[in-house]
Amino acid sequence: MKKIGIIGAGISGLFVANLFKENPNYQVTIFEKKHSIELEEGYGIQLSTNSIKLLNKIGFNEIEKRKKFNPEKIDFYDIKNQKKISDLNISEYNSEDCKYTTMKRSILVEFLKNRLDDQAIKYEHSIEKIEKKNDQINLTFNNNQNFICDHLIISDGIFSKGKSLISNNQIQPTYNNCIAIRGKIPSVNLSNLNEMNISLFVGPDFHYVIYPIDNSAGEFNFIGVLKHQLTANELKNYSLFEEKAFIEGIKNKSQNKISSSILSNINNIKCFPVFVSKDFHKSVENIHLVGDAFFAFPPSFAQGASQSIEGASELFESIIRSKTDYYINRVSRVKMINNRSKLNQFAFHASNPIIVFFRNMGLKILTKNKKFLENYLGKIYNN
Ligand SMILES: Cc1cc2nc3c(=O)[nH]c(=O)nc-3n(C[C@H](O)[C@H](O)[C@H](O)COP(=O)(O)OP(=O)(O)OC[C@H]3O[C@@H](n4cnc5c(N)ncnc54)[C@H](O)[C@@H]3O)c2cc1C
């Protein structure tokens, strides 16, 4: 029996562990640096059909319907005049049991975690050393414990320590000049929005998205991405983003970009800087990266979690079939999605009136153009 060591119990690590769990030739152990899995109550996640199809293979469709939501469309609004620009029918890519889904992130993580044996996750294990010895890999953790495995899967997120260790700190994420603002908003404060859809507001140097997270329609997820420069010192001081004064400053900066009925009613606001990847680290034989550790995108295509799931599935197939094409295939897919994410962010944040004019005209035309949509979204959602 081959031993699989996984570093990090996020969506990618948990999903790949779930896939190996079904295969008697492998034994998986996940090492997580925290003392438990964070189940941040409430915040939402969007999952497109490409990842729902893979999640269904491990029983995702059995999660109670009331805990998920299937939006029909994305409604685009212009922040400047609050008017609707156009809508895009995302349910076009749905099939009977595979639908674009929005939900609480905690429900997905809990589902992935609960399917694993309790002993499969070792908490309070932060990776410190990775040594390759012939065909095996020796892992050393902060508590001086060791583990020897045949395959190592590094899934410890955007600031991957595992990646730093194997690349000698050569590949670091960069600040995307944006602050993410996250919160929840009661539906009573959402006048004039279609609550069956995802509402996406685009405007100068800012975009925000509001969507339902379950079928009760009581509370909606708010996620905003605001252009914001930070100094090197501010970036190093992570506690800054939790300070009340910083959050108030960001709210003030957003004041003329979000309607006051929404801004003043967002609960549990959290702010954090958005980091993205600029480069890849090539996998070597039996050491692999997946999820944000492999590559993190700007959050303007809502593909981070879906790609974590897709990548995990590709990696699983490649290991069980003793193939070596995981890295090359993943890089080409990631490049395609990263280009679309960057283009979306550019269009969503446009401030020049001429570009805004063409952006709005483009949105009206392209959201109804089947050929364009098939190429831009279909290639991703129908994977
Ligand atoms: C603002 C914003 C909004 C987003 N919205 C969406 C969305 O709507 N839809 C979507 O698909 N994606 C979204 N994403 C992206 C998505 O959340 C991520 O791409 C995804 O969660 C990555 O999962 P992961 O498992 O690779 O990493 P993570 O979720 O970061 O998990 C990494 C795990 O590794 C552990 N770890 C870290 N260091 C160590 C160590 N040294 N040793 C051991 N364990 C360690 C961590 O504690 C953590 O549990 C969003 C991202 C942002 C920034």
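Work out, step by step, the length gained on full extension between MET1 and ILE355: first 0.36 nm times the residue separation, then minus their alpha carbon distance; give nm to one decimal.
Difference between extended and current length: 121.6 nm.
Counting DSSP beta bridges with both partners in the range 67-222, what percentage is antiparallel, nearest 5?
The antiparallel fraction comes to roughly 85 percent.
Quick check for me: using +1 on Lys/Arg Cβ and -1 on Asp/Glu Cβ, what's the dipole size of the range 110-225 about its Cα centre, in debye to the nearest 20?
300 debye
As I understand it, the value is the acute angle between the Cα axis of helix 326-348 and the longest principal axis of the Cα atoms of the chain; what does it come to in degrees, rounded to 10?
The helix 326-348 is inclined about 20 degrees to the chain.
Which of these, PHE297, PHE346, PHE358, has the largest mean-square fluctuation under a Gaussian network model of the chain (Cα springs below 10 Å)?
Result: PHE358 has the largest fluctuation of those listed.
Please give the length that would be gained between LYS21 and GLU128 if that part of the chain were fully extended, namely 0.36 nm times their separation in residues minus their C-alpha to C-alpha distance (nm, one decimal).
35.9 nm
Which of the listed residues, ILE130, PHE147, TYR43, is farthest toward the dipole's positive end in the range 39-153, when Lys, Arg count +1 and Asp, Glu count -1 at the beta-carbon?
Farthest along the dipole direction, towards plus: TYR43.
Got a sec to turn the phi values of the range 367-383 into Karplus ³J(HN,Hα) couplings, 6.51 cos²θ - 1.76 cosθ + 1.60 with θ = phi - 60°, whole Hz, x for Gly and Pro?
5, 10, 9, 4, 5, 4, 5, 4, 6, 7, 9, x, 4, 9, 6, 8, 4
Long-range amide H contacts for TYR77: which residues qualify at under 5 Å (H placed 1.01 Å from N, peptide plane, sequence gap of 5 or more or a different chain)?
Under 5 Å from the amide H of TYR77: ILE85, LEU200, PHE201, VAL202.
Please list the non-local residues whose amide H lies under 5 Å from the amide H of PHE220, H modeled 1.01 Å from N, same-chain partners needing a gap of 5 or more.
Residues meeting the amide H criterion: ILE185, SER187.
In the range 342-383, if the dipole is taken from +1 on Lys/Arg beta carbons and -1 on Asp/Glu beta carbons about the Cα centre, which of ASN360, PHE372, GLN345 is farthest to the positive end?
So the residue we want is PHE372.
What Kirkwood hydrodynamic radius, in Å, does the range 285-379 give when the mean of 1/r is taken over all pairs of distinct Cα atoms and then inverted?
For the range 285-379, inverting the mean 1/r across all distinct Cα pairs yields 15.2 Å.
Quick check for me: using +1 on Lys/Arg Cβ and -1 on Asp/Glu Cβ, what's the dipole size of the chain about its Cα centre, in debye to the nearest 20?
920 debye
Distance cut-off 21 Å, Cα to Cα: go down the list LYS34/LYS342; LYS21/LYS53; LYS73/LYS379; LYS132/LYS163; LYS53/LYS104 and report the pairs above it.
Over 21 Å apart, Cα to Cα: LYS34/LYS342.
Going out from 0 in 20 Å bins, what whole percent of all Cα-Cα distances in the chain drops into each bin?
Reading upward from the zero bin: 27, 58, 14, 0.
Evaluate E = 1/(1 + (r/R0)^6) for ASN268 and ASP135, where r is the Cβ-Cβ distance and R0 equals 41 Å; express this FRET efficiency to the nearest 0.05.
Step by step, r from the Cβ atoms, then E = 0.30.
All of the numbers you see were taken from the coordinates with simple rules; none came from a lab. Bear in mind that the values here come from a model prediction, so they are computed numbers and not experimental data. Note: ideal-geometry Cβ built from the backbone for every residue, glycine included; neighbour counts use all protein chains shown.
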